[in-house]
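Engineer: Just passing along the structure, written as structure tokens.
The values are calculated or read from the model by the stated rules, or taken from the named source; none is laboratory data. Computed from a predicted structure; not experimentally measured. Backbone-built Cβ (ideal geometry, glycine too); neighbour counts: all protein chains shown. All accessible areas refer to the heavy atoms of the entire protein, side chains included, with ligands and DNA or RNA removed. Shrake-Rupley method; radii C 1.70, N 1.55, O 1.52, S 1.80 Å.
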Amino acid sequence: QVQLVESGGGLVQAGGSLTLSCTASGSPFSIEEMGWYRQTPGKERESVAQLTSGGRSNYADSVKGRFTISRDNAKNTAYLQMNSLKPEDTGVYYCNVVGYSVRYSRGFDSWGQGTQVTVSS
């Protein structure tokens, strides 16, 4: 009912920057929260950053001061600006959107397909 398309991953040297984007589309909906998670081989998916519809943001301690989550409400798009990247930031980054589907009159919790971020040392 709500599809997410991610973009912006890639290969970057340590200290570099990348910006990820995630656009939600589909049947009429409202968004409560947009967020980013990442997963590396052998580890569980971990939270990176979330942004509520009220503008409250939350970051993992490991990315505070380096990553910034933002949102364009008109475009239903979330961004993750990643600066001062480190090799340990390497992983598959997933977008997550929690909201309410007007068409189906129920909540939803959707995930993107993931985008690879590789930081070389």
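Engineer: In what sequence, largest accessible area first, do Y37, Y104 appear using a 1.4 Å probe?
Structural biologist: Details: Y37 45, Y104 95 Å².
Largest to smallest exposure gives the sequence Y104, Y37.
Engineer: State the percentage of accessible surface on the chain attributable to carbon and sulfur atoms; use a 1.4 Å probe and exclude ligands, DNA and RNA. Show your work: numbers first, answer last.
Structural biologist: Working: 2890 of 6270 Å².
Carbon and sulfur atoms account for 46 percent of the accessible area of the chain.
Engineer: Starting from the Cα-Cα distance between L11 and S57, subtract it from 0.36 nm times their residue separation and give me the gain in nm to one decimal. Write out the running numbers ahead of the final one.
Structural biologist: Values: separation 46, 0.36 × 46 = 16.56 nm, distance 2.64 nm.
13.9 nm is the gain from fully extending L11 to S57.
Engineer: Next up: Find the accessible area per residue for the stretch 15-121; the probe is 1.4 Å, ligands and nucleic acids are left out, and the unit is Å². Show your work: numbers first, answer last.
Structural biologist: Details: 5480 Å² over 107 residues.
With the other protein chains kept in place, the stretch 15-121 gives 51 Å² per residue.
Engineer: Kindly give the semi-axes, whole Å and largest first, of the ellipsoid equivalent to the stretch 1-100, taking each as the square root of 5 times a Cα gyration tensor eigenvalue.
Structural biologist: Details: eigenvalues 108, 37, 33 Å².
Its equivalent ellipsoid spans semi-axes of 23, 14, 13 Å.
Engineer: Name the aspartates and glutamates eligible as straight-distance cross-link partners of K86: C-alpha to C-alpha under 20 Å, and not fewer than 8 places from it in the same chain.
Structural biologist: E44, E46, D61
Engineer: Extending each Cα 7 Å along its Cβ direction at K64 and T19, get the distance between those two points in nm, one decimal.
Structural biologist: Between K64 and T19, the simple spin-label model gives 2.6 nm.
Engineer: Further question: Using a Förster radius of 22 Å, what is the FRET efficiency between Q81 and S121 based on their Cβ-Cβ separation? Nearest 0.05, please. Spell out each step's value before the answer.
Structural biologist: Numbers: r = 21 Å, r/R0 = 0.97.
Calculated transfer efficiency: 0.55.
Engineer: Keeping all protein chains in place and using 1.4 angstrom, which order do S101, S120, S62 fall into by accessible surface area, from largest down?
Structural biologist: Values: S101 0, S120 40, S62 60 Å².
Listed by decreasing accessible area, they come as S62, S120, S101.
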